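First comes the structure, then the notes that go with it.
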Amino acid sequence: MKPPKTMQLMYKGRDSWDRPVYECDGILYVDTDPRSGYAPNICTKSGNEFDGEPDCPISRDVEVVFVPSRDVW
């Protein structure tokens, strides 16, 4: 069995919908359900724009590491 890929998401701030935005390798991601106590739901940002809509979800087998930490509501 292939080990899961690890993705380091660097915190960049909150978008116009108050959702936390992260960056990894020049690609922007958003946590669409940043509630404390819930699993993160990470998607790319449409057009790779900071205020873009959530686009494609990342694969469930990717391990996410938040740097410095996950921003939650």
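The values are calculated or read from the model by the stated rules, or taken from the named source; none is laboratory data. Please read all numbers here as calculations on a predicted model, not as lab measurements. Cβ placement follows ideal geometry from the backbone for every residue including glycine, while neighbour counts extend to all protein chains displayed. For accessibility, only protein heavy atoms count, side chains too; no ligands or nucleic acids. Shrake-Rupley method; radii C 1.70, N 1.55, O 1.52, S 1.80 Å.
Rounded to the nearest whole Å², what accessible area per residue is found for the chain with the 1.4 Å probe?
On the way: 4750 Å² over 73 residues.
Per residue, the chain has an accessible area of 65 Å².
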### Message
Once you keep just the Cα pairs under 8 angstrom separated by 6 or more residues, what percentage relative contact order results for the chain?
### Response
34 percent
## Note on the structure
Here, GluC sites (Glu not before Pro) of region 20-68 satisfying both criteria (DSSP loop; at most 12 other Cβ within 10 Å) are E49
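Going through region 1-43, which chymotrypsin sites (Phe, Trp or Tyr not before Pro) have at most 14 other Cβ atoms within 10 Å and a DSSP loop state? Could the numbers behind the result be given before it?
Working: sites: Y11, W17, Y22, Y29, Y38; in loops: W17, Y38.
Here the sparse-neighbourhood loop sites are W17, Y38.
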### Summary
trypsin sites (Lys or Arg not before Pro) in region 29-63 lying in a DSSP loop, each with at most 15 other Cβ atoms within 10 Å of its Cβ, come to R35, R60
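At a 1.4 Å probe, what is the % contribution of carbon and sulfur to the accessible area of the chain?
Values: 2500 of 4750 Å².
Here carbon and sulfur together make up 53 percent of the probe-accessible area.
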## Note on the structure
Applied in sequence order to region 13-21, the curve 6.51 cos²θ - 1.76 cosθ + 1.60 (Karplus, θ = phi - 60°) yields integer Hz couplings, x standing for Gly and Pro, of x, 10, 7, 5, 9, 6, 8, x, 10
### Task
Taking amide H positions as placed in the peptide plane 1.01 Å from N, state which residues far from E53 in sequence (5 or more) or on other chains have amide H under 5 Å from it.
S46
